[in-house]
């Protein structure tokens with residue numbers, strides 16, 4: 001296998017997404033699940049923070065997402081295009097929800113949330129515009 005050819009399949013930013021997913025799936029989430037004490041565990045889904053035992057039970061869902069992301073970006077799988085785009089959009093919306101809730105609906109929470117949403121829109125739009133890289137028509 002020629003590694004240069006393999007990495008050339010994707011734009012640089014998408015290779016970073018692949019490496020991030022691989023790091024999360026292979027190192028961080030297993031550490032989080034097996035070694036982080038339950039009392040310290042926190043998971044965020046759709047902008048809602050879960051703590052303790054609930055967070056521990058939700059950790060495998062993140063593991064599945066990041067493992068699928070690693071495989072999907074590595075193989076540039078056809079199914080990856082819509083799901084990665086949807087997941088990234090969900091992260092942006094989650095940041096908006098979390099910011100507004102965390103700052104009790106203040107103008108600062110809204111400002112931070114809208115800014116985060118706008119920033120997450122960048123990779124979301126980039127993924128949406130690169131459908132052809134995933135073999136989708």
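Some points to look at:
- Criterion violated by residue 133 - all others in (1) over 24 Å from residue 3 (Cβ atoms); (2) more than 16 Å from the chain's Cα centre (by Cα); (3) in a helix (DSSP H, G or I) satisfied: (1)
- Filtered residues of segment 39-64 (kept if touching a residue at least 24 places away in the same chain (Cβ under 8 Å) and either part of a strand (DSSP E or B) or over 13 Å from the mean Cα position of the chain (by Cα) (or both)): 44, 45, 48, 49, 59, 60
- Selection of segment 73-88 for residues being over 11 Å from the mean Cα position of the chain (by Cα) and surrounded by 20 or more Cβ atoms within 10 Å (Cβ to Cβ) yields 73, 80, 81.
- If the condition is being loosely packed, with under 14 Cβ neighbours inside 10 Å and either touching a strand residue (DSSP E or B) at 6+ places or on another chain (Cβ under 6 Å) or more than 20 Å from residue 88 (Cα to Cα) (or both), then segment 99-120 contributes 104, 105, 106, 107, 108.
- Yes/no for residue 29 being more than 12 Å from the chain's Cα centre (by Cα), at pLDDT 95 or above, in a helix (DSSP H, G or I) and under 30 Å from residue 133 (Cα atoms): yes
The values are calculated or read from the model by the stated rules, or taken from the named source; none is laboratory data. In this text, all values refer to a predicted model and were calculated from it rather than measured experimentally. Here the Cβ is made from the backbone with ideal geometry for all residues, glycine too, and neighbour counts use every protein chain on show.
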